[in-house]
Every structure is written in structure tokens, then in C-alpha cells.
Amino acid sequence: MDLPEYISIDGVKVKIHTDYRDAIKCQEIMNDKNISNIEKAIGIIYTIFDVGNINISDNYERWLKAALKYLSAYSTNKHIDNKPMKIDMDYIKDWDLIVASMWRTYGIDINKEKIHWWTFYSLLNGLPSDCILNQVRDIRTRDISKEKDREVREKIIELKKVYSLEEDKKLTLEQAESVKRFYELAGIERKE
């Protein structure tokens, strides 16, 4: 399968930003609770496509649909028994696990490589069950009701808490000040 580099919408050929980092940036945009859905859509379009001076406002829905289709990597993953799939991974929260698993499995330092999003997605889906990322994903989705051993069940419950993808708990005032100071020292502008 050829990896797409360009897309044509309404007769306009546009370069796709194909690096996996751009696709992951789109997840950050989608998860940002501080921006509206329209801002998310525009952010995703401009992150994935090199639209330059093209006026997308007349047909941004079509551009967004094309971006989401690209981001899905034309995935054929289906829901089993029409049940929604449980989210068991987050590119941002699990980044260190992804890096370690890719390094161990493929010998690729993904922090140093420019990798097409579709290739990255395929590599991620091809990781073996014994890699650290998939072990954590297994913990997140494991049905503890089927575990008979009480000690094992309690350990799994504890691991589920450790690796939970739920919203982080509120920081203490001291932690919040520490985070604020870090961003100031690093010169990074941060939305509250």
C-alpha cells in the first residue's frame, strides 16, 4: 500500500503532514477541553494539511472528514459484537511505554525518526503482547470479575489504579506552584 503524501479536495492538491507527531498532536487538540469543537476542527485541519493560504472556511467539514479519514489510517478495526471498544491507550500518557516498546520490538528510537503516521500506526498495532505497552493495555481492560484468586484480583485492582487513563486528580497547591515554576523556567506558555 502506498503511503499518502498528498490529498486533493475540491480540485486542490495539498501536502499532508505525514509524521506521526502531527497525528498525535491532533489527539492533543481533540482532548483539549479549553477549545470549542470548531477550533478543534480547524486545529486538526491545519495540523494535518499544509493548507497555506487556501480558504477552507467554505468547506471545512469536508477538510475535517478527510483529516479524520487520514488519521484513522484506514483502520479496519471493528467493534466486537457491536460493543464500543474500551479505550486502553493514550498517546500522550503512554508515550514512554510506546517508546520503550518500539525500541525493544523494532530497534527504532521513534523520538529520533521521522515516521509516516500509517507506518507508526501499523508498528504500534504489531507490537507483541509481552511488550510493556500491551501489558499495561491488558491490565486496563482485564475483567477482574473472572479472577478467582483474591490476592491476584487485589493486585490487578491496584495496577488498574496506577495505569488508569481517567483524568488526573487535582494538584495540591504546592504541586501546582511547582508545575507553574517549571513552565516559567522552560519558557513555555501554558493555558490554565
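Of note:
- Any hit, region 130-146, residues being closer than 30 Å to LEU3 by Cα, at pLDDT 90 or above and in a loop (DSSP other than H, G, I, E, B): yes
- Segments classed as helices (runs of 4 or more DSSP H), wholly inside region 13-81, with at least 3 members that are in contact with a Lys or Arg (Cβ under 6 Å, 6 or more places away or on another chain) and modelled with pLDDT of 90 or more: none
- Within region 137-162, residues that are touching a residue at least 40 places away in the same chain (Cβ under 8 Å) reach partners that are loosely packed, with under 10 Cβ neighbours inside 10 Å with beta carbons closer than 6 Å, at six or more positions or on different chains, in the pairs THR141/LYS86.
- Selection of region 86-106 for residues being surrounded by 13 or more Cβ atoms within 10 Å (Cβ to Cβ), closer than 14 Å to GLU28 by Cβ and either in contact with a Lys or Arg (Cβ under 7 Å, 6 or more places away or on another chain) or not charged (D, E, K, R) (or both) yields TYR91, TRP95.
- Top-ranked residue in region 12-68 [being under 30 Å from ASP109 (Cα atoms) and of a type in the set (Phe, Trp, Tyr); ranked as surrounded by the most Cβ atoms within 10 Å (Cβ to Cβ)]: PHE49
The values are calculated or read from the model by the stated rules, or taken from the named source; none is laboratory data. Note that the structure is predicted; figures quoted are calculated from it, not measured. Positions of Cβ are backbone-derived with ideal geometry, glycine not excepted, and every protein chain shown enters the neighbour counts.
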